[in-house]
Amino acid sequence: SAAGGVVLWVLTLLLTTSDSELAEMIHKVVFFPIFVIVPLGLSVVASESKLYKLIVFAQPIAALITLTSFFFEKGVVSAALASAWLTLDILVALFGLARLTSRRTHPFEELSIDAGLLYLPVAGLWLVIYRLGVQPFGYGEIIILLTAVHFHFAAFATPIIAGMTGRVLARQNYPQRVF
């Protein structure tokens with residue numbers, strides 16, 4: 001669904017979702033992991049498990065519902081719609097937990113991938129907080145929105161990229177300490 005996600009993301013560039021230019025630009029950045037990065041990350045950890053199949057089926061639906069939340073004023077309705085993404089993120093974390101508990105901490109490259117899967121709900125939580133319109137800890141709304149962006153890229157994508165690098169190194173018989 002990442003290829004379709006790219007098309008949808010490009011279409012979101014034509015939409016207006018905020019009165020603020022800065023928030024509008026960051027919204028476009030948030031839509032990128034929702035439509036492209038998360039599906040790509042999920043594709044590299046493909047599994048035959050029922051949970052994984054459910055996640056792959058639900059991801060585009062959750063992404064579209066979350067996009068819809070940006071066309072409502074911040075509040076309960078917007079947060080409820082964005083909760084579709086948080087729900088998907090929790091399913092991804094449960095999938096990561098299942099992977100982790102099935103083999104423990106080795107090999108390290110798989111542990112890195114599991115970490116990315118486990119961190120994704122943090123991104124979803126901050127996105128719901130942003131759509132709710134509250135500002136915990138006195139953070140401004142832009143900081144909250146950027147936190148959601150940060151956790152999609154730094155906490156989800158980066159560990160998965162590191163784990164995939166480890167998989168490549170392991171196949172080429174590099175010493176484990178290189179990874």
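The values are calculated or read from the model by the stated rules, or taken from the named source; none is laboratory data. Predicted, not measured: the structure shown is a model, and the values here were computed from it. FYI the Cβ positions are ideal-geometry reconstructions off the backbone, even for glycines, and counts take in every protein chain you see. Note: accessible area is taken over every heavy atom of the protein model, side chains too, but ligands, DNA and RNA are not part of it. Shrake-Rupley method; radii C 1.70, N 1.55, O 1.52, S 1.80 Å.
Scanning segment 32-53 for residues being assigned to a helix (DSSP H, G or I) and not aromatic (Phe, Trp, Tyr) gives a total of 13. Taken together, the residues in segment 124-144 that are under 16 Å from residue 81 (Cβ atoms) and in contact with a Leu (Cβ under 9 Å, 6 or more places away or on another chain) amount to 7. Every test in (1) surrounded by 21 or more Cβ atoms within 10 Å (Cβ to Cβ); (2) within 18 Å of residue 18 (Cβ to Cβ); (3) aliphatic (A, V, I, L, M) is passed by residue 142 save one, and that test is (1). Total residues in segment 129-139 satisfying the condition of being loosely packed, with under 15 Cβ neighbours inside 10 Å and part of a helix (DSSP H, G or I): the figure is 3.
Among the conditions (1) more than 26 Å from residue 6 (Cα to Cα); (2) in contact with a His (Cβ under 8 Å, 6 or more places away or on another chain), the only one that residue 97 does not satisfy is (2).
Of all residues in segment 1-12, those that are within 14 Å of residue 62 (Cβ to Cβ) have Cβ atoms under 9 Å from Cβ atoms of residues that are among the small types (Gly, Ala, Ser) and part of a helix (DSSP H, G or I), 6 or more apart or on another chain, in 1/43; 1/63; 5/63; 8/63.
Just one residue in the set 77, 29, 56 is over 17 Å from residue 155 (Cβ atoms), within 19 Å of the chain's Cα centre (by Cα), assigned to a helix (DSSP H, G or I) and of a type in the set (Val, Ile, Thr); that residue is 56. Determine, yes or no, whether residue 20 is touching a residue at least 24 places away in the same chain (Cβ under 8 Å) and either within 16 Å of residue 124 (Cβ to Cβ) or not β-branched (Val, Ile, Thr) (or both). Criteria not met by residue 20. Criterion applied to 44, 30, 56 was being over 19 Å from residue 144 (Cβ atoms) and open to solvent by less than 60 Å² (accessible area, probe 1.4 Å), and the one residue passing it is 44.
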